[in-house]
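What follows is calculated from the coordinates using simple rules that are stated; it is not laboratory data. Note that the coordinates shown come from a computational prediction; the quantities given were computed from them, not determined experimentally. Reconstructed Cβ throughout: ideal geometry from the backbone, glycine too, with neighbour counts over all protein chains shown.
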Amino acid sequence: MTQDLKDEALEQIELDVKFGFENEQQIFEGLEDMFYEEDDIDEEWLKQTIHQQYNQHQKEALQWAKPTGFDKLAKAFDQLIAQKIVCLHNAGYTKQDGAGDCMETIERLEELGVKANGFCYYHSQDLARAIDPNTRNLYLGFDSVTQNDDEALQVAQMIIAAVTENGLQVNWPGTVTQRLEIVNIDWKKIPDDEEWGAERVIQMLTKPRSDQKPFWKLW
């Protein structure tokens, strides 16, 4: 395995570990996909490097002040989901990926009888900026389900309200062509057993309400 490949792999490992969405095995599998055309990949070196980086990250997490930037954003997203705004964490690699994943989730919800009002997401390139100490910002893509500008502006205002309520600062020029920017975010996250993608949204919006009586008790 050449030094160039090792440098490339190490850069990706550091990103994946800091993103905090994947465990060691998932990071390794992602690297296997990344280097599937390479013949001289040192799997033992990859596993050892992932393990070292991952364990160091876990140790550092013990000293984190709570809530972290991710904690605040996750709470805001859950509040928005309750308002039928589809919010996806780490959705793909590009804006097209993020918007596409959101629309697929909206279509699945419609099949289950739930009509969403809009969507919000960030992708892995956005996360790379969030963990960069020179930028520390996180862009959020958004739109209405109908892609109507007036409705999209309403969705943006709902997102801003939820995010700022949870202690995050947002910059936005007020136009639908510009994404929302969370500035100076303290991104810290470790892998957990939570589902942060489409399944979370669907579960939250389709589970029975706690105050809703079973149908056999309606009479």
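What is the projected area of the convex hull of the Cα atoms of segment 3-61, averaged over all directions, in nm²? Could you put the intermediate results ahead of the total?
Details: hull surface 14.9 nm².
Projected over every direction and averaged, the Cα hull of segment 3-61 covers 3.7 nm².
Could you work out [θ]222 nm for the chain from helices alone, using -39500 (n - 2.57) per DSSP H run of at least four and dividing by all its residues? Round to the nearest 500 deg cm²/dmol. Walk me through the numbers on the way to the answer.
Working: 8 runs with 111 residues, N = 219.
The helix contribution divided over the chain gives -16500 deg cm²/dmol.
Can you sort LEU205, LEU153 from fewest to most other Cβ atoms within 10 Å of each residue's own Cβ? If you can, show how the numbers build up before the last one.
Values: LEU205 18, LEU153 15.
Going from least to most buried by this count: LEU153, LEU205.
Which one, (1) 54, 36, 31; (2) 67, 47, 37; (3) 102, 34, 30, gives Cα extents along the principal axes in Å as derived from the coordinates shown?
Entry (2).
Once R0 is set to 22 Å, what does the formula 1/(1 + (r/R0)^6) return for the Cβ-Cβ distance between ASP186 and ALA161, expressed as a FRET efficiency to the nearest 0.05? Before the final figure, lay out each step's value.
Working: r = 21 Å, r/R0 = 0.94.
Using R0 = 22 Å, I get an efficiency of 0.60.
Past 18 Å, Cα to Cα, is the threshold; run LYS47/LYS189; LYS84/LYS207; LYS72/LYS115; LYS75/LYS95; LYS18/LYS189 against it and keep the listed order. Could the numbers behind the result be given before it?
Details: LYS47/LYS189 21 Å; LYS84/LYS207 13 Å; LYS72/LYS115 26 Å; LYS75/LYS95 22 Å; LYS18/LYS189 7 Å.
Checking Cα-Cα distances, LYS47/LYS189; LYS72/LYS115; LYS75/LYS95 exceed 18 Å.
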